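Participant: One structure, as structure tokens, below. Some questions next.
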Amino acid sequence: MEVLGRNCRFLQGPETDQTTLEKLRAAIREEQECVVELLNYRKDGAPFWNRFAITPVRNAQSQVTHYIGVLSDVSERKEMDRLKDELVSTVSHELRTPLTSLRGFAELMLKRDFSREKQREFLGIIHRESLRLTELINDFLDLQRIESGRQKYNFAARELTPLLNETISVFNQGLGKHNLRLNVSSALPPVHVDAARLQQVMTNLLSN
């Protein structure tokens with residue numbers, strides 16, 4: 001009952017986009033239909049996204065007598081759009097590093113002559129990166145499992161130094177701008193870790 005007879009401007013707040021409001025005002029001045037989406041605020045100050053559609057009503061002389069406005073809460077759809085954009089950004093970032101490695105090491109082997117030992121080292125990296133790429137794709141194809149908290153982890157006791165060396169080796173073959181050096185104690189104890197997830201985190205950090 002508190003909203004009866006009040007202009008919907010009372011829903012506006014500090015983050016309500018003024019450009020969108022001007023678009024709405026211009027449509028009213030020009031006696032046109034208009035549909036906009038605005039960030040508005042509830043009584044308790046909580047923000048929500050509002051779809052506001054207005055349509056002019058004309059009399060027999062084609063004069064605008066009033067407007068009909070329809071407000072719809074589209075917060076859920078806006079959140080889905082945000083999550084979709086975030087997913088696209090995450091997928092792009094996650095897949096870029098292994099793809100860059102695969103392309104880079106393949107180009108090195110095609111353009112330069114390496115010893116048989118070095119070739120096997122590069123092929124090993126290509127193989128590991130292709131497996132990691134497959135795992136990433138499988139993860140993204142099963143988002144429902146991740147969102148519901150049913151993501152599985154394979155924890156086991158692993159030596160940390162070989163895992164870290166394996167990760168930085170991807171960046172130390174002339175594919176990046178920096179040469180990375182691992183400086184850790186030789187007496188590091190084994191860690192209880194999901195090796196694939198740890199390497200994924202380390203790769204993201206190093207690629208940034």
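Participant: Most fluctuating residue of 165, 154, 183 in a GNM of the chain with Cα springs under 10 Å: which is it?
Facilitator: The residue that fluctuates most here is 183.
Participant: Which number do you get for Rg(Cα) / (2.2 N^0.38 Å) in region 13-82? Mind showing how you got there, number by number?
Facilitator: On the way: Rg = 14.1 Å, N = 70, 2.2 N^0.38 = 11.1 Å.
Computed over Cα atoms of region 13-82, the ratio equals 1.28.
Participant: On a 0 to 90° scale, report how tilted helix 18-29 is relative to the longest principal axis of the chain, with both axes built from alpha carbons and the result rounded to the nearest 10.
Facilitator: So the inclination is approximately 30 degrees.
Participant: What angle, in degrees between 0 and 90 and rounded to the nearest 10, separates the Cα long axis of helix 116-140 from the longest principal axis of the Cα atoms of the chain?
Facilitator: Here the helix axis deviates by roughly 30 degrees.
Participant: Take peptides 57-66, 192-201 and line them up by average Cβ neighbours within 10 Å, highest first, as a rough protection proxy. Walk me through the intermediate numbers first.
Facilitator: Values: 57-66: 8.8, 192-201: 15.1.
By packing density, highest mean first, the sequence is 192-201, 57-66.
Participant: Compute the acute angle (0 to 90°) between the alpha-carbon long axis of helix 75-111 and the principal axis of greatest extent of the alpha-carbon atoms of the chain; round to the nearest 10°.
Facilitator: Roughly 30 degrees between the two axes.
Participant: Ok, one more. To the nearest 20 debye, what charge dipole does the chain have about its Cα centre, counting +1 at the Cβ of each Lys and Arg and -1 at the Cβ of each Asp and Glu?
Facilitator: That gives the chain a dipole magnitude of about 400 debye.
Participant: Moving to a separate point now. Which of (i) 69, 48, 37; (ii) 89, 41, 29; (iii) 70, 31, 29 is the computed Cα extents along the principal axes in Å for the structure on display?
Facilitator: (ii)
Participant: While we're here: Can you tell me the FRET efficiency between residue 157 and residue 131 if r is taken as the Cβ-Cβ distance and R0 is 22 Å, rounded to the nearest 0.05?
Facilitator: Details: r = 21 Å, r/R0 = 0.96.
About 0.55, to the nearest 0.05.
Participant: With springs connecting C-alpha atoms under 10 Å apart, model the chain as a Gaussian network and identify which of 81, 113, 73 has the largest mean-square fluctuation.
Facilitator: Comparing 81, 113, 73 in a Gaussian network model of the chain, the most mobile one is 113.
Participant: Can I ask one more? Just tell me the longest site-free run in the chain, where the sites are chymotrypsin sites (Phe, Trp or Tyr not before Pro) in a DSSP loop having at most 16 other beta-carbon atoms within 10 Å.
Facilitator: On the way: sites that count: 114, 153.
Value returned for the longest uninterrupted segment is 1-113.
Participant: Given the options 92, 119, 60, identify the residue whose Cα lies farthest towards the positive end of the charge dipole of the chain (+1 on Cβ of Lys, Arg; -1 on Cβ of Asp, Glu).
Facilitator: Of the listed residues, the answer is 119.
Participant: So for region 51-137, what percent of the C-alpha to C-alpha distances run longer than 20 Å? Please list the in-between numbers first.
Facilitator: Details: 2391 of 3741 pairs.
So the portion of pairs separated by more than 20 Å is 64 percent.
All of the numbers you see were taken from the coordinates with simple rules; none came from a lab. Values in this document were obtained by computation on a predicted structure and should not be read as measured data. Here the Cβ is made from the backbone with ideal geometry for all residues, glycine too, and neighbour counts use every protein chain on show.
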